[in-house]
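The values are calculated or read from the model by the stated rules, or taken from the named source; none is laboratory data. As the structure is a prediction and not an experimental result, all values here were calculated from the model. Cβ sites come from the backbone with ideal geometry, for glycine too, and all protein chains shown count toward neighbours. Accessible surface is based on the protein model in full, side chains and every heavy atom, while ligands, DNA and RNA are left aside. Shrake-Rupley method; radii C 1.70, N 1.55, O 1.52, S 1.80 Å.
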Amino acid sequence: MNTPDNREETNVCVQKNKGALEFLYGDEVHDINDASTQYHSYLTEPQLIYDFDPFGWWKSHEKKYPLIAELAKKYLSIPATSVSSERCFSTAGNVVTSKRNCLAPENVNMLVFLYQNRNLRRPASVRRI
């Protein structure tokens, strides 16, 4: 029996099975090396607890977020020495002496800045002849 009701039942669309990535992201699958994809995926990660080692976390997730891990290593690392800050305090101590103790803070900041950057060269177009 080939009635119109039977034809409608046999013409049911069969959906194609999608893979896991296609199911999660729709038909559009992004490249893992895309910076925006890595960033959005990183933002969905659960937040670390306060006593967790961030370097250990980035070491274990380096393969998943290679672009962001490179930035994290660069900006999360702190210099092991305090030489630059000690040098700045020493310069400030040389600027503010017992005879110059009434300098305004803005003037002290400017004098320390000028002393710390005294060895910077001017561009050739700015140099005087």
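Structure notes:
- Every residue from region 37-63 that is in contact (Cβ under 8 Å) with a residue 24 or more places away in the chain and either β-branched (Val, Ile, Thr) or open to solvent by 40 Å² or more (accessible area, probe 1.4 Å) (or both): Tyr39, Tyr42
- Taken as a whole, the structure leaves Ala72 outside the set of residues that are modelled with pLDDT under 90 and open to solvent by 80 Å² or more (accessible area, probe 1.4 Å).
- Screening Leu103 with (1) at pLDDT below 80; (2) part of a loop (DSSP other than H, G, I, E, B); (3) open to solvent by less than 90 Å² (accessible area, probe 1.4 Å) gives one miss only, at (1).
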